[in-house]
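Read-outs: derived from the displayed coordinates by stated rules, not from any lab. What you are looking at is a predicted structure, and each value in this text was computed from that prediction instead of being measured. FYI the Cβ positions are ideal-geometry reconstructions off the backbone, even for glycines, and counts take in every protein chain you see.
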Amino acid sequence: MRSVKFNVPFLTGNEKDYVNEVFDSQEFSGNGEFTKRVQNMLEEILGAERVLLTHSCTGALELAALLSGFGPGDEVLVPSYTFVTSASSVMRTGATPVFCEVDEHTMLLDLDDLESKINSNTKGIVAVDYAGFGNDYTRVNQICKEHNLVCIQDSAQGLGAQWNAQPLSTHTRFGAISFHQTKNIHSGLGGCLVINNAEDVEKAEMVWERGTNRSAFFKGLVDKYNWQVVGSSFYPSELQAAFLCAQLERLDENISLRLKLWNCYERLLKPIEEEGYLRILREPSGCEHNAHMLAIMLPNPSEADRLRIHLNENGIQAVIHYVPLHESPVGSELGYDPESLPVTSRAAASLIRLPLHLSMDEEDIEYIVRILQEFYPPHD
Ligand SMILES: Cc1ncc(COP(=O)(O)O)c(C=O)c1O
């Protein structure tokens, strides 16, 4: 039986050479030449004010939450359908996440529901760019302006995607990107904070540098460095930065090859979609996605379960995605009932992700669609 893995990490072949350069330099610990090079590359790709590499997107979200000034008594609006750390990063500051519904067509924040949850304690929003699809940032930024909120753009999956012709992670005050090995471009683990306002740069560099002004010291701006603010150790080692450098050099090629696979899926799945059996999750208008994910929405959770099992039994590693946070044990501690966000619960349980990575080819997709068709014979 053919087998198709859900994900195989992307490799360019140059990673080892770049990592060897770190061995030659004997500078392993971080914030060295490769870190600077990669940060510059990302600043250019994103057109961002400043980019700081972090050990993970989780680290970038925690850094952003600290810089946003959230604290005890504050509420921050977060989609329930997201990865755990979109919400736990907020809780690390003492603030409380308030879960919002997502729109079942895109799995992005339902901004009507979000607006209905704003009160005098609301201090921020974590807007998640699910699947490399962008939220409506014109409206998000209007809401922030009207209610004096800070928005952190969780673009964990968003490198290389755009909303309104502008890279994801650059539409709000802070952005966060992941370089976990499941992402299009990776360094095993890794991430970055994207800083979009010049006024945030100095403090961000201190919080990132364990709370010190070591970055200013390296730039020759002070003659010794010391403790300035409460920070932490947020950056990765040079080994990861070197690995990431090799990957980033191939970003455009990576995305165009992924898009080819995504478009092949779309072409082959369309007849099944037109029969009404499933819906391909597509980006909203104004968005150019990065083919991070091919997700399909089934009519209901039990059909999604049955189809996923059928695919798995045929060697295809189709998987679910996030279990909504309001349904989790921590969600329950926060006072949520599993039934409290019904649109999100139903959509999350009806969604399946299909394999998408650069170690597969169009024949794999033809096989996957053939197995899907067995489950869904065409109507007469
Ligand atoms: C939306 C979202 N935010 C944050 C993260 C955390 O990323 P990392 O694993 O790099 O910490 C993920 C992980 O996949 C994610 O999907």
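A Förster distance of 22 Å, applied to the separation of the beta-carbon atoms of ASN40 and LEU11, puts the FRET efficiency at 0.45. Given the rule -39500 (n - 2.57) for each run of at least 4 DSSP H residues, summed and divided by the residues of the chain, what is its mean residue ellipticity at 222 nm, to the nearest 500 deg cm²/dmol? That calculation yields -12000 deg cm²/dmol at 222 nm.
In a fully extended conformation the segment linking ARG139 and LEU257 would gain 39.3 nm over its present Cα-Cα distance, using 0.36 nm per residue. Summary value for region 251-375: 33 percent relative contact order, contacts being C-alpha pairs under 8 angstrom separated by 6+ residues.
Size estimate for region 57-185 follows the Kirkwood approach: the inverse of mean 1/r over distinct Cα pairs works out to 14.2 Å. The modelled label-to-label distance between VAL330 and SER359, using points 7 Å beyond Cα along the C-beta direction, is 3.0 nm. Sorted fewest first by neighbouring Cβ atoms within 10 angstrom, VAL126, VAL102, VAL22, VAL201 come out as VAL201, VAL22, VAL102, VAL126.
Between the C-alpha center of region 100-169 and that of region 339-365 there is a gap of 21 Å.
With neighbour counts taken as other beta-carbon atoms within 10 Å, the residues MET41, MET206, MET1 rank, fewest first, as MET1, MET41, MET206. Look at the alpha carbon pairs under 8 Å that are at least 6 residues apart: their mean separation over the length of region 162-254 gives a relative contact order of 23 percent. Across the chain, C-alpha contacts under 8 Å between residues 6 or more apart give a mean separation that, scaled by the residue count, equals a relative contact order of 22 percent. Exceedance of the 27 Å cut-off in Cα-Cα distance is limited, within the set LYS16/LYS36; LYS16/LYS183; LYS203/LYS224; LYS117/LYS270, to LYS117/LYS270.
Counting neighbouring beta carbons within 10 Å and listing from fewest to most, the residues CYS245, CYS57, CYS264 come out as CYS264, CYS245, CYS57. Within region 75-119, what residues put their amide N at less than 13 Å from the label point 7 Å along the Cα-to-Cβ vector of VAL323? Flagged as within label range: 84.
Principal axis analysis of the Cα atoms in region 251-375 yields extents of 47, 35, 26 Å, listed in decreasing size. Counting pairwise Cα distances across the chain, what percent come out greater than 30 angstrom? Counting pairs separated by more than 30 Å, the tail of P(r) holds 41 percent. Placing dummy labels 7 Å off each Cα toward the beta-carbon, the span from GLU27 to ALA216 is 2.2 nm.
Region 55-91 and region 193-220 have their alpha-carbon centroids 19 Å apart.
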